[in-house]
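Novice: Here it is: the structure, laid out below.
The values are calculated or read from the model by the stated rules, or taken from the named source; none is laboratory data. Note that this is a predicted model, so its numbers are computed, not measured. Cβ coordinates were reconstructed from backbone atoms using ideal geometry, including for glycine residues, and neighbour counts include every protein chain displayed. Heads up: the accessible areas ignore ligands, DNA and RNA and are worked out on the full protein's heavy atoms, side chains in. Shrake-Rupley method; radii C 1.70, N 1.55, O 1.52, S 1.80 Å.
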Amino acid sequence: NVPMATAAPKVQVKDTYRVAFSQNASNNPWRLAETASMQAEAERLGYQLTVTDANNEQTKQIQDIRGLIAQRPDALFMAPITEQLGNVVAEAADAGIPVFLLDRDVDTSVAKRGEDYVTVIVSDFVQQGRRAAWAMAKATGGNATIIELEGTTGSSPAIDRKTGFHEAIGQCPGMRVVVSQSADFTRAEGQSVAETLLQSHADATAVYAHNDEMALGAISAIRAAGKVPGQDIKVVSIDGSRDALTAVDSGELFATVESNPRFGPRAFQALQRYAQEGQVPVQQILEDRLFDSSNAAEFIPEAY
Ligand code: GYE
């Protein structure tokens, strides 16, 4: 049972709102889909939305958020780069601005849920990591020498997707992670880090990537190393982007656990509900699907 947020700054009931969204980057299709979802829903509702892009730089995101606080929006939506942005979340609350966290969380010992921020809307990243491990067990028959490509260091999805995966493979004696390195959730780094790690760990038989973009980079690196992705090396990731579903359909990617970027409707519903009822649950967990060879093709048309 999730407690209710009651102590955060309130939102008045109004016909229209002036809101802001601090996006952390625009360097992958997932981010673009999330921003587009926020913009589409704001437009549908007739709300005025300002979006900033932190370019995946923490100092830039802190500046962006301070700039948005100064504009005194009715609500501030934020996708924090790392968990360390709790202080600036608290700054917004101190300025009387209700904060809604989207897609990533912050350190709750610095910023209190339901007080410094109204709510956090996220996937269950630990569970995503476990599900990726189960898919990997299925792909490899439970025998795998795994390279792990981690997401942005200090981000809540990178932390939790690692935890869940390691917890699950801890129960599979034939599966072990031989090396883990961050590739910052990007395709280019996924490719270059995988190139290096495939050389230093020539016995690797699998890649677990914390998101699709890094997996797609790894698939290019596997090919460049003269190996066949999906056969010599099994790859599993998380998100469910169009390119990843296409790679699942062609057999290069074994599976991708969904992490849905379309936050717009839920974000604005949370705002409206909070305005009307004065409280909402302090956390909302999204339901994620699993995309594998059985269903990937079917979801390509609606993917981002
Ligand atoms: O998996 C990744 C993005 O925070 C859940 O961040 C999000 C993750 C998503 O850059 O592709």
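Novice: Does VAL235 count as touching a residue at least 60 places away in the same chain (Cβ under 8 Å), open to solvent by less than 50 Å² (accessible area, probe 1.4 Å), within 24 Å of PRO157 (Cβ to Cβ) and not in a helix (DSSP H, G or I)?
Specialist: no
Novice: Further, regarding this structure: Can you go through ALA139, ALA111, ALA133 and tell me which one is open to solvent by less than 10 Å² (accessible area, probe 1.4 Å), out of contact with any Cys (no Cβ under 6 Å at 6 or more places or on another chain) and touching a residue at least 60 places away in the same chain (Cβ under 8 Å)? Before you say what the answer is, go through the steps one by one.
Specialist: Numbers: ALA139 fails: open to solvent by less than 10 Å² (accessible area, probe 1.4 Å); ALA111 fails: touching a residue at least 60 places away in the same chain (Cβ under 8 Å).
Going through ALA139, ALA111, ALA133 in turn, the sole match is ALA133.
Novice: Condition check: outside any strand (DSSP E or B) and within 14 Å of the ligand (Cβ to nearest atom). Does THR153 satisfy that?
Specialist: yes
Novice: Could you grab me the full set of residues in segment 198-226 that are open to solvent by 10 Å² or more (accessible area, probe 1.4 Å) and either over 20 Å from the mean Cα position of the chain (by Cα) or more than 16 Å from the ligand (Cβ to nearest atom) (or both)?
Specialist: Hits for segment 198-226 are LEU198, GLN199, SER200, HIS201, ALA202, ASP203, THR205, SER220, ARG223, ALA224, ALA225, GLY226.
Novice: Please work out which residue is farthest from the ligand (Cβ to nearest atom), limiting yourself to segment 48-105 and to residues that are in contact (Cβ under 8 Å) with a residue 60 or more places away in the chain and of a type in the set (D, E, K, R).
Specialist: ASP74
Novice: Residue under question is GLU302, and the condition is that it be more than 16 Å from the ligand (Cβ to nearest atom), buried (at least 17 other Cβ atoms within 10 Å of the Cβ) and within 23 Å of the chain's Cα centre (by Cα); does it hold? Steps first, please.
Specialist: Numbers: more than 16 Å from the ligand (Cβ to nearest atom): yes; buried (at least 17 other Cβ atoms within 10 Å of the Cβ): no; within 23 Å of the chain's Cα centre (by Cα): yes.
Judged against the criteria, GLU302 is not a match.
Novice: Taking only pairs six or more apart or across chains, which ones have beta-carbon atoms under 8 Å, a first residue in segment 175-190 that is surrounded by 16 or more Cβ atoms within 10 Å (Cβ to Cβ), and a second residue that is at pLDDT below 95?
Specialist: Final answer for the pair search is PHE185/ASN28; THR186/ASN27; THR186/ASN28; ARG187/ASN28.
Novice: When you look at ILE69, is it of a type in the set (A, V, I, L, M), closer than 19 Å to THR6 by Cα, over 18 Å from the mean Cα position of the chain (by Cα) and modelled with pLDDT of 95 or more, yes or no?
Specialist: no
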